[in-house]
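*Asks:* One structure is given below, represented as structure tokens, and several questions about it will come after.
The values are calculated or read from the model by the stated rules, or taken from the named source; none is laboratory data. Keep in mind that this is a model prediction, so the values were computed, not measured. Cβ: placed from backbone, ideal geometry, glycine included. Neighbour counts: every protein chain shown.
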Amino acid sequence: MQKLLNIYSQFFTPGRAMLFLLLYPFIGFSQNPTAASSTSRPAPAAQQDTQKLKIETAFLVEYFVRGERTLQKLSGNVRMRQENTLVYCDTAILDMDVAVLKGSIVIEQGDSVKVFADSAFYNANTKISDLFGDVVLVNGRQELFTTKLRYDLGNKIATYHTGATLTNGKSQLTSTHGYYYVDRHEVFFKDKVLVTDPEFTMRTDTMAFNTETQMVRFVAPTLISQRNSKIYTEGGFYDIENNFAEFDLNPQYEKEGQRGRAQKMRYNGTIKEYILEGEANIEDKKQKARADVIRYNSETEQTVLRGNAYFQDSLRDIAGAEIRYDSRNKNYQIMGRGRVNDPPNIIEADSLDFNDQLGRGLALGNVVWIDTASNFTILSWRMDYNKQTEYLNAFGAPGATGAAGRPLLKSLIDRDTLYMSADTLTSYKPDSASDVRLLLAHLDVRIFKSDLQVACDSLSFSSKDSVFWFYKLQNLPLIWSDTSQFSGDTIRMSMKNKKLDRIWFRQNALVINSEDEQFFNQIKGRNTTAFFRDDQVREMLVEGNAQAVYYALDDDHAYIGFNETECSEMRLYFGDNQVESIKFYTEPTGKFTPMKKAGKETKRLDGFFWEKLRRPGSVADLF
């Protein structure tokens, strides 16, 4: 190449050239050339016939003889052809099939490929051209700008190593090295690769680009910057035309303080959707999310976490098979079995739906609600709740059996679990300014504890004073403790330090006790109060028309008779579930009847009844 350039410079030395002063299009090459030396040379026509690079036009043609070679210099609107390739320039020097080109160079290959340059070297044997200056390769919509380019016309491969810029109108791509496979519309960029577009900027070391499909393939660490977001990947592709990308090797992103990573990421710009697959993880200062797959739509502001889904923010933790979050409407949905830790509450269900803005939620299917502050758990089929008012309403499915059929409440009292079921359980805070909670149970209420059982139509409980109220609608409320049965129109039960403290029976109070269910001790009055210690009755106060029937035992626990007593008020003291002493007030009357006269049937006070069917014998009897 340098040798040819030296020859080229010699041709312009004064006195060395032979000038034809003829216009090439009108001169045939059948004439003999005038030589610069005495050595004769073949006729120009013969030389032209043997050349692979055919001269078509030129304003001026000059011949020079150098040793055994005859060189040609073409000037002015030079056009040459090799098969389907046309070469244009201002000046050309030809040494058989090797040409040095100068000025306004254009190489046309077919209808779509053109290369422009200031100077060039063209070898017709190898069909390789080295181009210099302001070099531009045009292939359809794409234009490649550089200062030095080698173009293999036979294989249609262009290479550069001094930097180049590829444009397609709105996007530009620059790199230090490049390999452009023109026929395949593939460009491989290497070293300091930079893509600039109105929508993004991309930096990498190595990248492949299809100029026809507008497909970018990443084969090295790549950073894509897009307004307030950045994406990093070490492999994948980006379809610029359709605005679709897939990153499949160590992808991660950062957007406005939020970071995400996964085994694979996809972006669909048409619908504004991001998809993270395989150990997907997103987090920022306020929240974290992870799942097998995370889908986020920036247009609708909806996020879907699918497979081992987990979400955490400053308020709650959520886990489930699938979590859907609508950030615009502040709405959560958990599809499949899920768990929400929303202190002081924890809720599990087969399906959960919660609106953060309204504070309303709906849980369906095997619901488990845990109130860590009040230390109780509710199991139900359905639960409606409101976070703002701390309201919840639990009930079962019609016709269902077991825990799904009737809500069940569990609470730990003095190292023993209290179970309660009803058709409906409701809990709420009557005053948002305080921590007091009310619990309501409605219809067919049943309670089971190892040492206490209850049946009533409805009840209420307040955390303020730890008092249960048991109410009558059709059936009298009943309480059983060991061998004793308590009843009254209304019953109030007070807890102290999570232990049974006292029970009040109002109107038609009746207490019955029996060891063998043959003879029954009975205490009746208008109102009765039972005092407990260590979960056992220690004292009882009967007020208003007090009546008592008590069967006395001898030292061998054999019946010896019964006492009947009436007075306005009496107080009984117990030990080991037996009456130790009784105090009678205001004109007491009484008599003792020995067993010989008592008969085999127990003495019954008015209103006596002994209920066995309604008494729960186990947790299973609550349903």
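*Asks:* In the range 594-616, how many residues are modelled with pLDDT of 90 or more and either among the hydroxyl-bearing types (Ser, Thr, Tyr) or more than 18 Å from Ile512 (Cα to Cα) (or both)?
*Replies:* The total comes to 1.
*Asks:* Across the range 585-617, what is the number of residues that are touching a strand residue (DSSP E or B) at 6+ places or on another chain (Cβ under 7 Å) and in contact (Cβ under 8 Å) with a residue 24 or more places away in the chain?
*Replies:* Looking only at that region, the number is 17.
*Asks:* Can you say whether Ile240 is among the β-branched types (Val, Ile, Thr) and at pLDDT 90 or above, as far as the supplied structure shows?
*Replies:* no
*Asks:* Between residues in the range 500-520 that are hydroxyl-bearing (Ser, Thr, Tyr) and residues that are part of a strand (DSSP E or B), which pairs lie under 9 Å by C-beta distance while being six or more apart or on different chains?
*Replies:* As it stands, the answer is Ser514/Ser484; Ser514/Gln485; Ser514/Asn521; Ser514/Tyr551, since those pairs meet every condition given.
*Asks:* Next up: Residues that are among the basic types (Lys, Arg): find the strands (runs of 3 or more DSSP E) completely inside the range 210-327 holding 2 or more of those.
*Replies:* 258-261, 264-268, 288-297
*Asks:* Of the residues that sit in the range 230-257 and are within 19 Å of the chain's Cα centre (by Cα) and acidic (Asp, Glu), which one is farthest from Arg217 (Cα to Cα)?
*Replies:* Here the residue is Glu256.
*Asks:* If you don't mind, there's one more thing I want to ask. Quick check on the range 58-102: of everything there that is touching a Gly at 6+ places or on another chain (Cβ under 7 Å) and part of a strand (DSSP E or B), which residue is surrounded by the most Cβ atoms within 10 Å (Cβ to Cβ)?
*Replies:* Here the residue is Cys89.
*Asks:* Give the residues of the range 425-469 that are in contact with a Lys or Arg (Cβ under 9 Å, 6 or more places away or on another chain), of a type in the set (Val, Ile, Thr) and within 20 Å of Asp371 (Cα to Cα), sorted by residue number.
*Replies:* Once the filter is applied, which keeps residues that are in contact with a Lys or Arg (Cβ under 9 Å, 6 or more places away or on another chain), of a type in the set (Val, Ile, Thr) and within 20 Å of Asp371 (Cα to Cα), the range 425-469 yields Val436, Val467.
*Asks:* Taking the residues in the range 583-623 that are of a type in the set (Gly, Ala, Ser) and over 30 Å from Asn475 (Cα atoms) as candidates, determine which candidate is surrounded by the fewest Cβ atoms within 10 Å (Cβ to Cβ).
*Replies:* Once the filter is applied, the top-ranked residue is Gly599.
*Asks:* Would you confirm whether any residue within the range 520-531 is of a type in the set (A, V, I, L, M), buried (at least 24 other Cβ atoms within 10 Å of the Cβ) and under 16 Å from Phe461 (Cα atoms)?
*Replies:* no
*Asks:* Does Glu539 satisfy the criteria of being surrounded by 12 or more Cβ atoms within 10 Å (Cβ to Cβ) and either over 22 Å from Asp489 (Cβ atoms) or charged (D, E, K, R) (or both)?
*Replies:* yes
*Asks:* Small (Gly, Ala, Ser), out of contact with any Ser or Thr (no Cβ under 6 Å at 6 or more places or on another chain) and modelled with pLDDT under 90, is that true of Ser104?
*Replies:* It is false that Ser104 is small (Gly, Ala, Ser), out of contact with any Ser or Thr (no Cβ under 6 Å at 6 or more places or on another chain) and modelled with pLDDT under 90.
*Asks:* Among Arg446, Arg492, Arg502, Arg506, which is the only one that is in contact with a Gly (Cβ under 9 Å, 6 or more places away or on another chain) and of a type in the set (Lys, Arg)?
*Replies:* Residue meeting the stated conditions: Arg506.
*Asks:* Follow-up question, since we're still on this one. Please give the strands (runs of 3 or more DSSP E) falling wholly within the range 117-190 in which 1 or more residues are among the aromatic types (Phe, Trp, Tyr), modelled with pLDDT under 95 and within 43 Å of the chain's Cα centre (by Cα).
*Replies:* The qualifying strands (runs of 3 or more DSSP E) are 177-181.
*Asks:* How about the range 429-468: which of its residues are hydrophobic (A, V, I, L, M, F, W, C) and surrounded by fewer than 19 Cβ atoms within 10 Å (Cβ to Cβ)?
*Replies:* Across the range 429-468, the qualifying residues are Ala433, Val436, Leu438, Leu440, Leu443, Val467.
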